[in-house]
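Asker: I am attaching a structure below and will ask some questions about it afterwards.
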Amino acid sequence: MKRLLLVEDDRSLGATLCERLQREKYDVYWAETKQRALKKLGEGFWDLVILDIGLPDGSGFELARHIKEKTSLPIMFMTALSTAEHRLEGFEIGAADFIPKPFHLRELLLRVKHVLDSHPVQREISCNGRVIELSNRVIVQPDGEREYPAARDFELLELLVTSSPRVVSRNEILDALWGEDKFLNQRTVDNMIVRLRQLLGDTKSTCIRSVRGVGYQWCGDGE
């Protein structure tokens with residue numbers, strides 16, 4: 001099931017869109033603010049962000065830039081601000097589509113389907129003969145055995161994959177996985193990386209690369 005993040009501060013429109021998209025068998029989360037959307041973006045994988053430009057706590061353009069700096073997620077803007085300048089700014093950021101308000105629900109659904117079909121988010125990746133099924137949170141070994149890493153270990157793997165090619169710092173990993181927990185240190189992250197490398201057969205650290213003094217980077221298949 002495709003996961004959509006809907007960012008819209010209009011409660012009536014947001015509720016309508018959420019209900020209609022769910023009827024189309026999408027897994028939809030509706031955020032009314034920029035901050036709430038940022039929090040949800042760090043919780044698992046998404047296939048599409050449908051984003052209003054005018055939000056109560058910031059600009060949708062700012063949020064889109066943040067998303068594009070960290071991921072390759074497709075973004076669809078929907079807004080009453082539909083001048084040529086706004087459309088150009090959206091496409092310069094990397095928008096996959098831009099739909100002006102008001103719009104027909106059927107048109108939105110067709111555009112969502114088109115963006116999802118033309119901008120698929122990779123959900124299976126490989127490393128040293130292992131297949132990582134991101135949706136199922138499982139690593140399939142070369143002999144077919146399915147191994148399920150600890151929940152936070154897999155969340156770390158997801159974070160590295162979705163952030164690639166950016167290097168993710170140890171502090172960023174701690175914040176993303178534990179928030180304000182003060183009883184953890186950076187060595188916790190290093191131990192998690194060791195476990196992941198063992199599961200991935202990444203003996204030469206070619207899939208998960210260490211960047212001295214910074215953190216870790218996902219580099220893809222090490223074969």
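What follows draws every value from the coordinates through simple rules; no lab data is involved. None of these values were measured; they are calculated from a predicted model. Here the Cβ positions follow ideal geometry from the backbone for every residue, glycine too, while neighbour counts run over all protein chains shown.
Asker: Direction-averaged shadow area of the convex hull around the Cα atoms of the range 35-99, nm²? Intermediate values should be presented prior to the final figure.
Answerer: Values: hull surface 16.3 nm².
Mean projected area for the range 35-99: 4.1 nm², to one decimal.
Asker: I've got another one for you. Which one, Val138, Val161, Val49, has the greatest fluctuation when you compute a Gaussian network model over the chain with C-alpha springs under 10 angstrom?
Answerer: Fluctuation is largest for Val138.
Asker: OK, next. What are the equivalent ellipsoid semi-axes of the range 1-54, built from the alpha-carbon gyration tensor (square roots of five times its eigenvalues), in whole angstrom, biggest first?
Answerer: Numbers: eigenvalues 50, 46, 11 Å².
Semi-axis lengths for the range 1-54 are 16, 15, 7 Å.
Asker: To continue, here is another question. Taking a cut-off of 27 Å between Cα atoms, list the lysines near Lys68, but don't count ones fewer than 8 places away on the same chain.
Answerer: Lys2, Lys25, Lys34, Lys39, Lys40, Lys101, Lys113
Asker: Moving to a separate point now. Between Asp143, Asp175, Asp52, where does the largest GNM mean-square fluctuation fall for the chain, given springs only between Cα atoms within less than 10 Å?
Answerer: Result for the chain, Cα springs under 10 Å: Asp143 fluctuates most.
Asker: If you don't mind, another one. For the range 79-123, treating each Cα as an identical point scatterer without solvent, what Debye log10 I(q)/I(0) comes out at q = 0.15, 0.32, 0.33 1/Å?
Answerer: Relative scattering, expressed as log10 I(q)/I(0), comes to -0.44, -1.11, -1.12.
Asker: Under 19 Å from the 7 Å Cα→Cβ point of Asn171, by amide nitrogen: which residues of the range 134-162?
Answerer: Counting only backbone N, you get 160.
Asker: Have a look at Pro165, Pro56, Pro142 and tell me which one the Gaussian network model of the chain (Cα, springs below 10 Å) gives the largest fluctuation.
Answerer: Pro142
Asker: Residue separation times 0.36 nm, minus the C-alpha to C-alpha distance between Ala15 and Glu133: what's the value? Walk me through the numbers before you get to the answer.
Answerer: Details: separation 118, 0.36 × 118 = 42.48 nm, distance 3.17 nm.
Using 0.36 nm per residue and subtracting the Cα-Cα distance, I get 39.3 nm.
Asker: May I ask you to derive the relative contact order of the chain, considering only C-alpha pairs under 8 Å and at least 6 residues apart, and to give it as an integer percent?
Answerer: With pairs under 8 Å counted, the relative contact order is 14 percent.
Asker: Say each of Tyr148 and Phe45 gets a label point 7 Å from the Cα, pointing the same way as Cα to Cβ; how far apart are those two points in nm?
Answerer: The answer from the label model is 1.7 nm.
Asker: I would also like to ask the following. So how long is each side of the chain along the principal axes, counting just the alpha-carbon atoms, biggest first, in Å?
Answerer: That works out to 54, 38, 29 Å along the principal axes.
Asker: Taking the number of other C-beta atoms within 10 Å as the exposure measure, put Phe91, Phe183, Phe98 in order starting with the fewest. Before the final figure, lay out the partial values.
Answerer: Values: Phe91 13, Phe183 6, Phe98 19.
Ordered from fewest to most neighbouring Cβ atoms within 10 Å, Phe91, Phe183, Phe98 come out as Phe183, Phe91, Phe98.
Asker: Can you compute the modelled spin-label distance between Thr203 and Ser72, with each label point 7 Å from Cα toward Cβ, in nm?
Answerer: 3.0
Asker: Same structure again: Length gain on complete extension for the stretch Ala84 to Gln22, per 0.36 nm per residue less the alpha carbon to alpha carbon distance?
Answerer: Details: separation 62, 0.36 × 62 = 22.32 nm, distance 3.14 nm.
Answer, rounded to one decimal: 19.2 nm.
Asker: For the chain, what does -39500 (n - 2.57) per DSSP helix run (n ≥ 4), summed and divided by total residues, give at 222 nm, in deg cm²/dmol to the nearest 500? Don't skip to the end; give the middle numbers.
Answerer: Numbers: 8 runs with 93 residues, N = 223.
Calculated at 222 nm, the ellipticity per residue is -13000 deg cm²/dmol.
Asker: Given all pairs of different Cα atoms, what value in angstroms does the Kirkwood hydrodynamic radius of the range 3-118 take? Provide the component values of the computation, followed by the final result.
Answerer: On the way: mean 1/r = 0.0718 Å⁻¹.
Evaluated over the range 3-118, this radius sits at 13.9 Å.
Asker: Related question: Normalized C-alpha radius of gyration of the range 124-218, against 2.2 N^0.38 Å? Walk me through the numbers before you get to the answer.
Answerer: Numbers: Rg = 12.9 Å, N = 95, 2.2 N^0.38 = 12.4 Å.
Taking the Cα Rg and dividing by 2.2 N^0.38 Å, one obtains 1.04.
Asker: So which cysteines in the chain don't have a second cysteine's C-beta under 4.7 Å from them?
Answerer: Cysteines of the chain left without a disulfide-compatible partner: Cys18, Cys219.
Asker: Starting with the fewest neighbours, write out Val189, Val140, Val7 ranked by other beta-carbon atoms found within 10 Å of each beta-carbon. Let's see the in-between values first.
Answerer: Details: Val189 21, Val140 17, Val7 28.
Ordered from fewest to most neighbouring Cβ atoms within 10 Å, Val189, Val140, Val7 come out as Val140, Val189, Val7.
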